[in-house]
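The values are calculated or read from the model by the stated rules, or taken from the named source; none is laboratory data. For clarity, every value in this text was computed on a predicted model and none was experimentally measured. Note: ideal-geometry Cβ built from the backbone for every residue, glycine included; neighbour counts use all protein chains shown.
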Amino acid sequence: LRNVSIFEELPERDLEKIAKLGTRKVFSKGNVILMEDEIGSALFIIINGKVKVSRLDETGREVILSILGPGEVFGEMSLLDGLKRSATVSALTDTEVLIIYRDDFLNLLNKHPQIAISLLRELTQRLRKADMQIKSLSLKDAEGRIGCVLIMLADDLGKMYKGHVIVEGLPTQQDLANMAGTSRETVSRILSKFEKNGLIKIEGKKLIILEYEKMKQMFK
Ligand code: CMP
């Protein structure tokens, strides 16, 4: 739990208590963890693995809002405001989560205000990202939006290696298209163009961003 951002500043003995408070569960790749419009009262903390947060648009097409990884939290919205789940969350890889129920989590927030502050920080970052997505969806063409999605993946999941940013477990081209609001064919064409221009390299499921700074300038 040490890597969970909202628990960052807690002493070890408190982390042990929290670990006992929650229930660990493993979801296999592809399984739905929680569903849009359901009533929910649990919070999920990702121990390892990756999840996708998505909604269906009016034509039934999936729109991916975000991909979350180890140490990140989801399900906090319904827990806090009592409304229905705002999105569907499913496992992109085999994913282990710690589930904490509403009353236990609210008790934790009361006992450790630091967790509330960290959660606010995390939600603020989410809002910043959502603001960027709105800007990118409304102002940019497909190439700009795909560039933006790659930068977002690099910032969220990337690791620096020899001056490049590596993202393991690149989402499928269809998933990238759903994140960028475009078609799979366009994603395929633009990724080839980025590769040809020496911005990125793709090796199977690995995305290597060769020119991170340049891409950030181009697409942010
Ligand atoms: P909740 O509404 O309870 O269930 C769906 C969860 O998806 C939600 O809580 C958040 O944890 C998460 N979620 C919703 N929208 C976003 C977003 N734009 N970025 C990241 N996570 C989100």
Test each condition in (1) in contact with a Lys or Arg (Cβ under 8 Å, 6 or more places away or on another chain); (2) surrounded by 15 or more Cβ atoms within 10 Å (Cβ to Cβ); (3) over 17 Å from Phe7 (Cα atoms) for Ile99 and report the one that comes out false.
(3)
Find all pairs meeting these conditions: Cβ atoms under 6 angstrom apart; at least six residues apart or on different chains; first residue within region 28-47 and in contact (Cβ under 8 Å) with a residue 60 or more places away in the chain; second residue of a type in the set (S, T, N, Q) and away from the ligand (no atom under 11 Å from the Cβ).
Lys29/Thr93
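Given the residues Leu191, Leu176, which is the only one that is without any contact (Cβ under 8 Å) to a residue 40 or more places away in the chain and either under 14 Å from Cys148 (Cβ atoms) or not basic (Lys, Arg) (or both)? Break it down stepwise before answering.
Numbers: Leu191 fails: without any contact (Cβ under 8 Å) to a residue 40 or more places away in the chain.
Step by step, each of Leu191, Leu176 is checked, and only Leu176 is without any contact (Cβ under 8 Å) to a residue 40 or more places away in the chain and either under 14 Å from Cys148 (Cβ atoms) or not basic (Lys, Arg) (or both).
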Just to be sure before I move on: is Ser118 at pLDDT 90 or above, small (Gly, Ala, Ser) and touching a helix residue (DSSP H, G or I) at 6+ places or on another chain (Cβ under 6 Å) in the structure I sent?
no
In the set Leu68, Leu108, which member is in contact with a strand residue (DSSP E or B) (Cβ under 8 Å, 6 or more places away or on another chain) and either among the aromatic types (Phe, Trp, Tyr) or over 30 Å from Thr172 (Cβ atoms) (or both)?
Leu108
Those residues that are farther than 13 Å from Val89 by Cβ, more than 10 Å from the ligand (Cβ to nearest atom) and polar (S, T, N, Q), I need them from region 20-69; list them, please.
Thr23, Ser28, Asn48, Thr59
Taking region 1-38 and the residues there that are modelled with pLDDT under 85 and polar (S, T, N, Q), the one that is nearest to the chain's Cα centre (by Cα) would be Ser5
Being in contact (Cβ under 8 Å) with a residue 40 or more places away in the chain and near the ligand (Cβ under 6 Å from one of its atoms) is the filter; apply it to region 75-85 and report the residue that is farthest from Asp175 (Cα to Cα).
Glu76
Just to verify a result, which residue in region 86-98, among those that are more than 20 Å from Pro11 (Cα to Cα) and part of a strand (DSSP E or B), is farthest from the ligand (Cβ to nearest atom)?
Glu96
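So is Asp103 within 14 Å of the ligand (Cβ to nearest atom), free of Cβ contacts under 8 Å to residues at least 24 places away in the same chain and of a type outside the set (A, V, I, L, M) or not?
When the stated conditions are applied, Asp103 does not pass them.
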